[in-house]
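> Once you've had a glance at the structure underneath, I'll fire off some questions.
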Amino acid sequence: MKLAILSRNNKCYSSRRLREAALQRDHQVKVLDTLKFSIDVMKAKPDLYFRSKQLSHYDAVLPRIGASITYFGTAVVRQFEQMDVFSANSSTGIANSRDKLRSLQILSRHHIGIPETTFVRDKRDVLPAIERVGGAPVIIKLLEGTQGVGVILADSANIACAIIETLQSTKQNVLLQKFVSESKGRDVRAFVVGDRVVGAMRRVAQGQEFRSNVHRGGKTELVELDDTYRETAVRAAQILGLRIAGVDMLEGADGPQIMEVNSSPGLEGIEICTGLDIAGAVIDYIAGQVDFPELDLRQRLTVSSGYGVSEIHIPDGSEYVGKELQKSGLRTKDINVLSLHRGDKVVPNPKPDRKLEADDRLLCFGRLEEMRHLVPPRKRKRTKIARLPPTS
Ligand code: ADP
Ligand code: MG
């Protein structure tokens, strides 16, 4: 395979190790500076230039996009996607993971532990929001901070309000998050490649510090993750659209709480801590997946008019409950079931003799007119608070 590693720095540990691992496996590999691309957008002919020369053909790219160049970097990756080149991480995955609010929003509808988080703009909404996430002490976070910079632990609600007001006055977006104190300044980094965790470590904050980032003096130690932690890490990466990710989890009382998912996880800390060939695992994975570049299902499938993708929910008491898929009549209605979602399990391409259960959700492609009758009417959101008369 011919692989391009997109990185601004070809001398850093991660770039060096990835390049080395690719060469050891007899692949062709180049580290290309992400900012030296030009993106040509023309009808039916997406193209890329590198240092003003037309880019030769690559089978795969491995983006290592730093936070400071997210916009340009994701545009380059998107262009490779338009040219049907396999990218280890999708451009939307990288963009999703960059923003702490956006990534938690996406994860929140799935059965995945996350610290309770809230995002407010109006001054008057800050105090009630702090109460909703469990009261002080409370974590305040800049949406796009890294290395622990921009993560503050406020001891009291008043201090939290003052900090938020100050940050907002400098046009910074901040979110409020429950302080997961039982994690005791520790977190777990799981290095996800495809559908498995290939290495994991725990980071432990030192002294009075609550942040475990290595840049804040955190020390690393080896950790054996149980299945819940592994599955949570892999699912979080997959949901965000990342095949290679560093998933950071707090060790909450009820299990893993996803804090953030990094789309360009560093290799140095994890390889030194675990002694494992993580770079090799990344390269082997890419080589095995190179024939399957990212494609936007909705974009591709909805071109035929009257057809589309929809999720069908099987409610309790529905005529479909207990029926095999082949006897459900969906196929004769021109509806194909792409995957079946049951609780937090996913069955891809369910077999014809698979029996449906109440509360199953079927991801389908088919005739919209037929699916319309099967999509349940939209439920109103339940509110925990007694309904007050509207004020405006
Ligand atoms: P960054 O992108 O700057 O690393 P994180 O969200 O990962 O920001 O937070 C940095 C560190 O702060 C984490 O590694 C963890 O140790 C600590 N931390 C962050 N959020 C919480 C929280 N909700 N509860 C407890 N500790 C937290
Ligand atoms: Mg972090």
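> How much of the accessible area of region 1-104, in percent, comes from carbon and sulfur atoms when a 1.4 Å probe is used?
The value for region 1-104 is 48 percent carbon and sulfur by accessible area.
> Same structure, new question: Between Gly134, Gly306, Gly246, find the one with the highest GNM mean-square fluctuation for the chain; connect C-alpha pairs within less than 10 Å.
Looking only at Gly134, Gly306, Gly246, the biggest GNM fluctuation is shown by Gly306.
> How much accessible area per residue does the chain have, in Å², with a 1.4 Å probe?
Averaged over the residues of the chain, the accessible area is 55 Å².
> Are any of the pairs Lys178/Lys219; Lys327/Lys351; Lys2/Lys43 more than 18 Å apart by Cα-Cα distance, and if so, which?
Lys178/Lys219; Lys2/Lys43
> Can I ask one more? Express in Å², to the nearest 10, the accessible area of Phe365 obtained by rolling a 1.4 Å probe over the protein heavy atoms while all chains stay in place.
Ignoring ligands and nucleic acids, Phe365 comes out at about 40 Å².
> Looking only at Pro352, Pro293, Pro128, which one moves most when the chain is put into a Gaussian network model with springs between Cα atoms under 10 Å?
Looking only at Pro352, Pro293, Pro128, the largest GNM fluctuation is found for Pro352.
> How many times 2.2 N^0.38 Å is the alpha carbon radius of gyration of region 150-249?
Its radius of gyration relative to the 2.2 N^0.38 Å reference: 1.27.
> Another question, if that's okay. With runs of 4+ DSSP H residues as the only contributors, calculate the mean residue ellipticity of the chain at 222 nm using -39,500 (n - 2.57) per run, divided by the residue total and rounded to the nearest 500.
-7500 deg cm²/dmol
> Taking the Cα atoms of region 35-118 alone, what are Rg (to one decimal) and Dmax (as a whole number) in Å?
Cα only, region 35-118: 15.5, 49 Å (Rg, Dmax).
> For Ser212, Ser68, Ser156, give the ranking by accessible area with the largest first, probe 1.4 Å.
Sorted descending by solvent-accessible area, the residues read Ser68, Ser156, Ser212.
> Once all Cα-Cα distances of the chain are split into 20 Å bins that start at 0, what whole-number percent is in each one?
23, 51, 25, 0
> Something else now. Leaving out ligands, DNA and RNA but keeping every protein chain, what accessible area does Asp359 have, in Å² rounded to the nearest 10, with a 1.4 Å probe?
Result for Asp359: roughly 100 Å² accessible.
> Of the accessible area of region 232-385, with the probe set at 1.4 angstrom, what percent is carbon plus sulfur?
That fraction is 50 percent.
> Would you mind putting 339-348, 36-45, 196-205, 146-155 in packing order, based on average other-beta-carbon counts within 10 Å, highest first?
Per-residue Cβ counts within 10 Å, averaged per peptide and sorted highest first, yield 196-205, 146-155, 339-348, 36-45.
> Please arrange Cys364, Cys273 by accessible surface area, largest first, computed with a 1.4 Å probe and ligands excluded.
I get Cys273, Cys364, largest accessible area first.
> Ordering Val192, Val223 by how much accessible area each has at a 1.4 Å probe, largest first, what is the list?
Val223, Val192
> Among 119-127, 76-84, 213-221, what's the highest-first ranking by average C-beta atoms within 10 angstrom per residue?
Those peptides, ordered most packed to least, come out 76-84, 213-221, 119-127.
The values are calculated or read from the model by the stated rules, or taken from the named source; none is laboratory data. Owing to the predicted nature of the structure, the values given are computational and were not obtained by experimental measurement. We place every Cβ from the backbone using ideal geometry, glycine too, and count neighbours over all the protein chains shown. Keep in mind that these areas ignore ligands, DNA and RNA; they rest on the heavy atoms of the full protein, side chains included. Shrake-Rupley method; radii C 1.70, N 1.55, O 1.52, S 1.80 Å.
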